[in-house]
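Here the structure comes first, spelled out in structure tokens, and everything after it is commentary.
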Amino acid sequence: MMPRCWRVRRYGFNMVSSLGSSAKVLSGLHVFVAPVPATAKVPPSAELKLIVESAGGKWLASATAAAKAAKGKARVLVVAVPEALAGDGALAATCAELAASVPAGRPVNPSCLFDAVMRKHLDTGPSYHVAGLAVAAGQAKRKR
């Protein structure tokens, strides 16, 4: 077994303190997760909802609810799976529009949620951005 300090340095979190902490990393944040296709290697929406709520976030069930929350100046995090956005230009445009009105500026992939829960720190940096969304959203808007 490797020393604990090595794992903390490599993975950026300490499992014992992460599981034992009652800190709610998503507290005050509204989270919208775009529909997840069955082929994606991501937990189903019901399980993602449990993760969000257990971390203190508020689950938004629809894009309409997310848009209302964003207009009400709520902090909204838009989570999307690239596979879902690739085949649905309208969904890509909706997610891009929602994300543009919130601090992250772009939808993030689901690993952002998992890492936030384990590290007790929300990072919405470029490594978590959904690749190719700007192109897909731009194409969807041009087709209208």
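Read-outs throughout are calculated quantities, based only on the coordinates presented, and are distinct from any laboratory measurement. Since we're looking at a predicted model, the values are computed, not measured. Ideal geometry is used to build each Cβ from the backbone, glycine not excepted, and the neighbour counts take in all protein chains shown.
Observations, loosely collected:
- Residues 47, 83, ranked from the fewest to the most other C-beta atoms within 10 Å, line up as 47, 83.
- Residues 129, 30 arranged by fewest to most Cβ contacts within 10 Å: 129, 30
- Among the listed pairs 24/58; 41/68; 58/120; 24/49; 49/120, those with a Cα-Cα distance over 23 Å are 41/68.
- Each of 106, 119 was scored by other Cβ atoms within 10 Å of its Cβ. Listed from fewest to most, they are 119, 106.
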